[in-house]
Amino acid sequence: MAGLIDELQRDAADPSVSVAVLLRKVKIASSKLGIDDVTDWVESELNRYSSDPPEYRRIRGMPHAHNPYRGWIPIQGNGDVLDAISKIWVMESVSSLETLVAPPKGAIHYPMDNETIAQLVKMTNVPFYQISNIVQRSQIAAILDTIRNNVLDWALKLERSGITGEGFSFTAQEKIMAKDPAIHIGAIHNFTGNLGSGNKS
């Protein structure tokens, strides 16, 4: 019988398997192996981040204001300000992201919070009421691809460490080997930069 780690590798390489389904299998494997930091990462990806998302969830949008006569128009102005407000931390669950990139096509809007809008109104003396960062679907798809690749890399690392399982079970020896920090959270994704800064959507 093929092991769960082999199944993870096959599913990670198969684009028809959703990332949400893939992560649920990671949760089973990490829970049975007692790798709590991986389980915690999966929980955040499946349910949404409440704070400090990983670096791969930071994207850049194009700030637009809504004009009641002309629709959405690009915001012009100070380059540093535009740079600051264009950064987005994507907090939503993986299932939400998969829905965003699915047809029908269309612009993806990340509305800015009222505090940011009030600051822009004060700086520009322009009565903005709605401001959104418009992002490309490819940016959201890239987040999902990164998660899928991280799962594949993690499953391959487990296999190289001699952890493959049988069915959905692991031996006592495999559970002991899984305590090696080298195959914990640092092996499945990499935090870089200041994760507590920037706009969160």
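Over the range 92-190, the Kirkwood radius and the radius of gyration, each from Cα atoms, give a ratio Rg/Rh of 1.24. Computing FRET efficiency as 1/(1 + (r/R0)^6) for Asp180 and Asp6, where r is the C-beta to C-beta distance and R0 is 25 Å, gives about 0.80. For Ile108, the amide hydrogen comes within under 5 Å of the amide hydrogens of Val135, counting only partners 5 or more places away or on other chains and with H modelled in the peptide plane. Rounded to the nearest 500 deg cm²/dmol, what is the calculated helix-only ellipticity per residue at 222 nm for the chain, with -39500 (n - 2.57) per DSSP H run of length n ≥ 4? Computed ellipticity for the chain at 222 nm equals -14500 deg cm²/dmol. Across all Cα pairs in the chain, the calculated P(r) in 10 Å bins from zero up to the longest distance comes to 8, 31, 27, 17, 10, 5, 1 percent per bin. Each label point is 7 Å from the Cα along the Cα-to-Cβ direction; what then is the distance between the points at Leu82 and Met123, in nm? The two pseudo-label positions are separated by 1.2 nm.
The value of relative contact order for the chain, using C-alpha pairs under 8 Å at least six residues apart, is 34 percent.
Each of Lys179, Lys32, Lys25, Lys122 has its accessible area taken with a 1.4 Å probe; listed largest first, they run Lys122, Lys179, Lys32, Lys25.
Which order, highest average first, do 81-91, 104-114, 38-48, 168-178 follow once you tally other Cβ atoms within 10 Å for each residue and take the mean per peptide? Write down the numbers at each step before the final one.
Values: 81-91: 16.9, 104-114: 12.7, 38-48: 18.6, 168-178: 14.4.
The most tightly packed comes first, giving 38-48, 81-91, 168-178, 104-114.
I'd like the Karplus ³J(HN,Hα) series for the range 130-140: coefficients 6.51, -1.76, 1.60, θ = phi - 60°, whole numbers in Hz, and an x wherever there's a Gly or Pro. Per-residue couplings from phi come out as 10, 9, 9, 8, 9, 10, 7, 4, 4, 5, 5 Hz. Each principal axis of the Cα cloud of the range 35-151 was taken in turn, and the coordinate range along them, longest first, works out to 53, 30, 21 Å. In the range 1-54, Cα pairs under 8 Å separated by at least six residues give a relative contact order of 27 percent. Each eigenvalue of the Cα gyration tensor of the range 1-90, multiplied by 5 and square-rooted, gives one semi-axis; in descending order these are 40, 16, 10 Å.
The values are calculated or read from the model by the stated rules, or taken from the named source; none is laboratory data. Being a predicted model, the structure only gives us computed values, none of them experimental. Glycine also receives a Cβ, built like all others from the backbone with ideal geometry; neighbour counts cover every protein chain displayed. Surface areas here come from the heavy atoms of the whole protein model, side chains and all, with no ligands, DNA or RNA. Shrake-Rupley method; radii C 1.70, N 1.55, O 1.52, S 1.80 Å.
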